[in-house]
Amino acid sequence: MQPSTGTPTALPHPRPAEDDGAAPHWSPWAVCTLVATGLLLAGTVVFHVAMVFLSLAPSNAVTTRHREMVNAYVQPEFGQDWRLFAPNPQQRNEAVGARLRTAGAGGTQVVSRWVNVTAEDIEAIRGNPAPSHAHQNMLRRAWDGYVNSHSPKERPQRGQLSELSSTYLKRVVLQRIGREWQGRPIVGLQVAGRFTAVPPPSWSTRQTPDTTTYRVLPWWPVTDQDYREL
């Protein structure tokens, strides 16, 4: 038998074996998105670290010129309680307390016991895995703002800032306590601070007086205006 003289059928080219270890093919848009996201995250981190650094750094030309912008970004969520090159932690326990004057029957007024507002703040955040940084420091910063703007005899020393610090401290305490105490409306408020030095460690030679000091502020009247937007 004669072999066929027809055109032989073309055989398909063998397919190359797939390489499971080959790198995936990224489209240009995907690459651009990943690069842009990486640059944005890196820029955010650098900006955040720079702002916190400037808030802690000693006074210089940059911090003096941009102090308002730095404080607006850092406070209150990223505020720090120490200063760069001087990491001296607070060496005393502070507690802010208040007592209230309430309106009783027949126009009489009743003065309550002292309430440890700081202890109630601590109890409110105990066990919370992510407590608010602003809430933790609000009362303490309000007290510090008042003390830094008033003399030991409670005389204003910074003009309008002194008045604002007094109002702010009063409103923060009233926010914690509410409008009534034991069913009676609050008509007066007195705030006080208690300070006890933290004992030094056993290996330290530093001497700390084993005393507790107090600062009792004058009575403030309380009106509906003090509760506005609380």
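The values are calculated or read from the model by the stated rules, or taken from the named source; none is laboratory data. Here the structure is a predicted model, which is why all the values come from computation and not from measurement. Ideal geometry is used to build each Cβ from the backbone, glycine not excepted, and the neighbour counts take in all protein chains shown. Ligands, DNA and RNA are stripped out before the accessible areas are found, and what is left, the full protein with its side chains, is counted by its heavy atoms. Shrake-Rupley method; radii C 1.70, N 1.55, O 1.52, S 1.80 Å.
Identify the single condition in (1) closer than 17 Å to Gly178 by Cβ; (2) in a loop (DSSP other than H, G, I, E, B); (3) modelled with pLDDT under 90 that Arg113 does not satisfy, given that it satisfies every other one.
(3)
Hey, any hits in the stretch 155-178 for a residue that's in contact (Cβ under 8 Å) with a residue 12 or more places away in the chain and assigned to a loop (DSSP other than H, G, I, E, B)?
no
Among the residues of the stretch 27-44, how many are assigned to a helix (DSSP H, G or I) and open to solvent by less than 100 Å² (accessible area, probe 1.4 Å)?
Qualifying residue count, the stretch 27-44: 12.
Mind listing whichever residues of the stretch 45-95 are under 25 Å from Phe195 (Cα atoms), modelled with pLDDT of 85 or more and surrounded by 14 or more Cβ atoms within 10 Å (Cβ to Cβ)?
Within the stretch 45-95, Glu94, Ala95 meet the criteria.
Among the residues of the stretch 192-214, write down those that are of a type outside the set (Phe, Trp, Tyr) and in contact with a strand residue (DSSP E or B) (Cβ under 9 Å, 6 or more places away or on another chain).
Of everything in the stretch 192-214, those that are of a type outside the set (Phe, Trp, Tyr) and in contact with a strand residue (DSSP E or B) (Cβ under 9 Å, 6 or more places away or on another chain) turn out to be Ala192, Gly193, Arg194, Thr196, Ala197, Val198, Thr208, Pro209, Asp210, Thr211, Thr212, Thr213.
Which of (1) open to solvent by 30 Å² or more (accessible area, probe 1.4 Å); (2) touching a residue at least 24 places away in the same chain (Cβ under 8 Å) does Leu217 not meet, given it meets every other one?
(1)
For the stretch 131-154, which positions are open to solvent by less than 80 Å² (accessible area, probe 1.4 Å) and in a loop (DSSP other than H, G, I, E, B)?
Residues satisfying the conditions are Pro131, Ser132, Ser151, Glu154.
Can you tell me which residue in the stretch 181-208 is least open to solvent (accessible area, probe 1.4 Å), limited to those that are without any contact (Cβ under 8 Å) to a residue 24 or more places away in the chain and more than 28 Å from the chain's Cα centre (by Cα)?
Ser204
Could you count how many residues in the stretch 183-230 are in a loop (DSSP other than H, G, I, E, B), at pLDDT below 95 and in contact with a Leu (Cβ under 9 Å, 6 or more places away or on another chain)?
Residues in the stretch 183-230 being in a loop (DSSP other than H, G, I, E, B), at pLDDT below 95 and in contact with a Leu (Cβ under 9 Å, 6 or more places away or on another chain): 1 in total.
Among (1) out of contact with any strand residue (DSSP E or B) (no Cβ under 6 Å at 6 or more places or on another chain); (2) within 18 Å of Glu229 (Cβ to Cβ); (3) surrounded by 14 or more Cβ atoms within 10 Å (Cβ to Cβ), where does Gly178 come up short?
(3)
Out of the residues in the stretch 220-229 that are surrounded by 14 or more Cβ atoms within 10 Å (Cβ to Cβ) and in contact with a strand residue (DSSP E or B) (Cβ under 8 Å, 6 or more places away or on another chain), which is farthest from Val96 (Cα to Cα)? Give the steps one after another, and end with the answer.
Restricting attention to the stretch 220-229, the residues satisfying the condition of being surrounded by 14 or more Cβ atoms within 10 Å (Cβ to Cβ) are 220, 222, 226-227.
Going one step further and asking which of them are in contact with a strand residue (DSSP E or B) (Cβ under 8 Å, 6 or more places away or on another chain), we end up with 220, 222.
Working: Trp220: 16, Val222: 18 Å.
The qualifying residue farthest from Val96 (Cα to Cα) is Val222.
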